[in-house]
Amino acid sequence: MSRTEFEFTDNVMYLKGVGPRRAAALEKLNIVTMYDFLTHYPRAYEDQRTITPIANLELDQTSVIVGRLSNLSMRETRTGLKIISAILSDRTGHIPLTWFNQEYIMEKLSDGMTLVVIGKTKLDGWSGEPVMNQIASFSILYPGEKPRLGIMPIYPATASLNQNFFRAAMTNLLNKMPALPEILPKNILDELNLIPLDVAMRSIHFPPTPEYLHAARRRLAFDELFLIQCGLMLIKKQTRDERLGISCEKNGRLLKTVYENLPFELTGDQKKTFKTVAKDMESKLPMRRLIQGDVGSGKTVVAMLALVKAVENGLQGAFMAPTEILANQHYETFSTMLERFGIRVALLSGKVTRSAKVKKEIYRQTENHEIDIVIGTHALVQEGLSFAKLGLVVTDEQHRFGVAQRSSLEKKAELIPDMLVMTATPIPRTMTLTVYGDLDVSLIKEMPPGRKPIKTISRHIRSRNKVYNFVLEEISAGRQAYVVCPLIQRSDSEKFQNLDPAIEIYEMLSRGIFKNVPCGLLHGKMKPKEKDEVMEKFRTGETKLLVSTTVIEVGVDVPNASVMVVEHAERFGLAQLHQLRGRVGRGSQKSYCILISDSKADIAKARMEILESTNDGFKLAEKDLQLRGPGQFFGEAQHGLPDLKIADVFRDVEILIAARDAAEKFVTDEEDLNYFVSLRKNLALAYGEKFQQITEA
């Protein structure tokens, strides 16, 4: 089937050189349309602007050579290493080529072929002669075909789709597509010296010079980040311009009484943050605030005081937690501290809603303002729950909810309620600007007095027995301990075959060294009731050792737990390991986090060293972003924001700040804002529903 007109929404199978079979392979790379293919950006580039004669090759330099292949053969060493060797010759000389453990080369190549080879020349350890044994890539030149010179793109590919295919198909696409219309206002392009979109899109694939490549990347990264910032700014603007907020009075007697009866003194950061929150709540503009604070820094107390302030002003509050365990814990804390002052607190979680009668009664009381504060899980956003006068919504561990659930809870009020978001996941400033751009940010970095830093130690799996002997000593001294495993049960996947799952670790420990110790097992496949029972036994001290998966990452507060052992710690990211170790160190005794791993990978070793060196969650978050890259970080944190295909929020800090500044001016200028209608039309092609959601929230 042929197409004469070009549409970005056309299936990529209609592109010359693709067809149905390759289109099916491209779909595995999330490439379906022509636009998907166009924005499948190169991951790297090879400088093929100059072909070096073989006689002129220099040691330790990466060069491009073209020659005729001969003497292709493969041999296997005693250790099983497969070595493929050949000779490449041109008019000036010849050089041996060597590949290691790449058997497929024997099927692709044959003597007599002409190859373009990019690689580094080294001296052979045996013969002392020059050899090209670090080959970055090679391509076959067929009769009559000339080598393509230039800065060549290297695309994310699959075994069935090589670089030659991508380069040829992309050339066909760029030749076929019309010039891309400009989507940014001229004033932004001029002010930031951004090149035209059409030039950028063509240059990102086949840059004529390194300077063009830099300019193209800068332009396309700016577009991505500018789009996100515009969406977030619009949410903020629409919230403030179009909907009335609730204005509270100055702090009164009820709040003062609760404050004075707290069983501890607030830290300086807590006092400062609550002062800011109170000021937000007294404003006519709806509060939109994110409180970032490390595990155990005391965010919940600030949220509780904010809820008391709402109640004091005749309003209701809603507190949404990510798990039933955490919701129950907050309910117990809030009801113990607040009900003696006449503040009515209710729990609405999955456990409660399983009883239709209880759920109906809570709904009735909430609707009639017989309840002041409702604490719950996602059950709070279900249809049927109505508030008489909802004034403040608090969401805990926001990254687990996403914009949609936050918005659902907010819509349960006639006037727009104040919104307080809490996260114990330390987010670097660049990520905060991107993920939480519609929120003002407060930091609680100061830890409450009496909290001792957790000593983190990494140990090889060979030391496992010593580690568990130490854990037994701690339990014998009256403490409790966690053991965290990456899997529930053994997997058939080759990737996970060497991992000891939670069920097997539990059997090994409870029947072995801890046979006289009450042990518990907790994992995600258990029924909610079973999980609650296991957690309750651990919380009350009946269970001394809890073997678990990461379901305890956000869990109950057990001050008596002094040790956490993480099995196969290399399987966890830095941020997750930090969250996990935050389960211990919540009491006054010295606490330990022991990371067991047998990984030889540099990145795994780097994680362990960083965790051993600091307890500062914000330093760790920056390091995590460096080690893992923004793609994986965003996978966990974004929830509904457009994916970043080319921008890197760690590397592109300056572009991100520029995009934010430009977006801030853009959405406050009426002329620019009218232009945004056409901007949205053009960019909806790239981002579809996600873009619509973020700009119309």
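The values are calculated or read from the model by the stated rules, or taken from the named source; none is laboratory data. Note that the structure is a prediction, hence the values are computed from the model and not measured. Note that each Cβ is placed from the backbone with ideal geometry, even for glycine, and that neighbours are counted across all protein chains shown. Accessible surface is based on the protein model in full, side chains and every heavy atom, while ligands, DNA and RNA are left aside. Shrake-Rupley method; radii C 1.70, N 1.55, O 1.52, S 1.80 Å.
General remarks:
- Available extension along the chain between Ala25 and Thr79 is 15.9 nm, counting 0.36 nm per residue and deducting the alpha carbon span.
- Rounded to 0.05, the FRET efficiency of the Lys600 and Ile154 pair, given R0 = 30 Å and the Cβ-Cβ distance, is 0.65.
- Probing with 1.4 Å while keeping every protein chain in the model, the per residue accessible area of segment 297-388 equals 37 Å².
- Loop-located GluC sites (Glu not before Pro) in segment 57-152 whose Cβ has at most 12 other Cβ within 10 Å (DSSP): Glu58, Glu103, Glu145
- Spin-label model, Thr92/Lys108: points 7 Å from Cα along the beta carbon direction are separated by 2.6 nm.
- Nearby lysines by direct alpha-carbon distance to Lys515 (threshold 24 angstrom, same-chain neighbours under 8 apart not counted): Lys466, Lys531, Lys537, Lys544
- In this calculation the C-beta distance from Asn175 to Glu5 is compared with R0 = 22 Å, giving a FRET efficiency of 0.90.
- Accessible area per residue for segment 64-189, computed on protein heavy atoms with a 1.4 Å probe, is 54 Å².
- Within-15-Å neighbourhood charge of Gly119 [Cβ basis; K, R +1; D, E -1]: -4
- Here the Karplus curve 6.51 cos²θ - 1.76 cosθ + 1.60, taken at θ = phi - 60°, turns the phi angles of segment 40-57 into couplings of 8, 6, x, 8, 6, 9, 10, 7, 10, 6, 10, 8, 9, x, 4, 5, 9, 5 Hz, with x standing for Gly and Pro.
- Under 5 Å, built H, 5+ apart or other chain: amide partners of Ala136: Ile118, Gly119, Lys120
- Surface composition of segment 110-244: carbon and sulfur make up 57 percent of the accessible area, probe 1.4 Å.
- Label-point separation in nm, Val32 to Asp440, each point 7 Å along Cα→Cβ: 4.2
- The loop-placed trypsin sites (Lys or Arg not before Pro) in segment 533-613, going by DSSP, that have at most 11 neighbouring Cβ atoms within 10 Å of their Cβ come out as Lys600.
- Distance in nm between pseudo-label sites at Glu145 and Thr540 (7 Å out along the Cβ direction from Cα): 7.4
- Contour excess over end-to-end distance, with Cα ends at Glu282 and Glu332 and 0.36 nm allotted per residue: 15.2 nm
- Candidate lysines - alpha carbon under 20 Å from Lys16, same-chain residues fewer than 8 apart omitted: Lys28, Lys176
- Protein heavy-atom surface of segment 1-82, 1.4 angstrom probe: 44% of the accessible area is carbon and sulfur, with nucleic acids and ligands not counted.
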